[in-house]
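None of the figures in this text is laboratory data; all of them are computed from the coordinates on show. No experiment lies behind these values; they were computed from the predicted model shown. Note that we place each Cβ from the backbone using ideal geometry, even for glycine, and neighbour counts take in every protein chain shown.
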Amino acid sequence: MVHDGSGEGIFMIVSVLNQKGGVGKTTLSVNLAATLALAGRRTLLIDADPQASALDWQASRDGESLFPVVGMARATLHKDVPGLAAQQEHVIIDGPPRVNELARSAIMASHLVVIPVQPSPYDIWAASDIVKLVVEAQVYNTGLRGVFVINRVVAKTAISRDVAEALKDYPFPLLQTAIAQRVVFAESAAAGLSVLEYAPRSPAAGEMRTLLREIEGLMACVTR
Ligand SMILES: Nc1ncnc2c1ncn2[C@@H]1O[C@H](COP(=O)(O)OP(=O)(O)OP(=O)(O)O)[C@@H](O)[C@H]1O
Ligand SMILES: [Mg+2]
């Protein structure tokens, strides 16, 4: 079931991007979209990855989806999104593991680019290409913001001084909410479910709700 929105008028287009594969773009996209939908927001998930993982995720579920998922791995995304978003309160874009025209188009379509990184300085340095692309786009899309989110944290200590040091060279902040390494993310995905449906009381579900609150707080200025 797609929930009706509460009509507060906050509207945001968030893309989840990093050219590095396997950092959690699809996991965070799907779970963010589900968190929004379960909070009563009309949400669309756009799968902008030619691998079509988000569409696969939706296809593997038994029941109706909480939100629609459309495949749009096209470099015209920024032109297509306004039409697609007309009936939505929020749009989440699951990006490709490439720095290409598709990623550029997703960035141009967005208010916010969330860059998931694993808690290692190497992973953070590897994000430099996508950061550069966002910075370039900010020249034209002046409201555009970029943030890092650390995914797959094994222990709290994993967000070390090294990670903070590696992030220091980038113009984007790190979200306070970090997502831990939890098997429930993979288990729920296998069933085509979000962690909020699969294990609503799990720490993973709690982290997703906290992540959404932090993002909404950041974007509160974006209204239609
Ligand atoms: N916080 C987490 N805890 C446990 N497993 C995770 C977590 N985040 C992602 N994973 C797992 O890591 C793998 C890669 O995640 P995901 O597919 O979301 O990455 P991606 O960035 O979309 O990859 P690609 O670049 O191929 O699109 C998946 O098997 C997923 O279940
Ligand atoms: Mg993916």
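Restrict the search to the stretch 87-165; then list the chymotrypsin sites (Phe, Trp or Tyr not before Pro) that DSSP places in a loop and that have at most 14 other Cβ atoms within 10 Å of their Cβ. Please report the intermediate quantities before stating the final value.
Details: sites: Y122, W125, Y140, F148; in loops: Y140.
The qualifying sites are Y140.
Pop a pseudo-label 7 angstrom from the Cα along the beta-carbon direction at both A164 and W125 and give the gap in nm to one decimal.
2.0 nm
Residue-wise, which Karplus ³J(HN,Hα) couplings in Hz belong to the stretch 111-121, taking 6.51 cos²θ - 1.76 cosθ + 1.60, θ = phi - 60°, and x for glycine or proline?
Whole-Hz 3J(HN,Hα) from phi for the stretch 111-121: 8, 9, 10, 9, 10, x, 9, 7, x, 9, x.
Given a Förster distance of 25 angstrom, what is the FRET efficiency for A75 paired with T142, based on the Cβ-Cβ distance and rounded to 0.05?
Details: r = 22 Å, r/R0 = 0.87.
Computed FRET efficiency for A75 and T142: 0.70.
R0 = 41 Å: FRET efficiency of V183 with A86, Cβ-based, nearest 0.05?
Details: r = 38 Å, r/R0 = 0.93.
My answer for the efficiency is 0.60.
Could you check what % of the DSSP bridge pairs in the chain are antiparallel, to the nearest 5?
Working: 1 of 26 bridges.
Percentage antiparallel, nearest 5: 5.
Give a residue-ordered list of calculated ³J(HN,Hα) values for the stretch 28-36 (Karplus: 6.51 cos²θ - 1.76 cosθ + 1.60, θ = phi - 60°; whole Hz; x for Gly, Pro).
Values, residue by residue: 6, 4, 4, 6, 5, 4, 5, 5, 5 Hz.
Given labels modelled 7 Å from the Cα in the Cβ direction, how far is it in nm from S202 to A59?
Those two pseudo-labels are separated by 2.3 nm.
What residue among D162, D47, D123 has the largest mean-square fluctuation in a Gaussian network model of the chain, using Cα springs under 10 Å?
Fluctuation is largest for D162.
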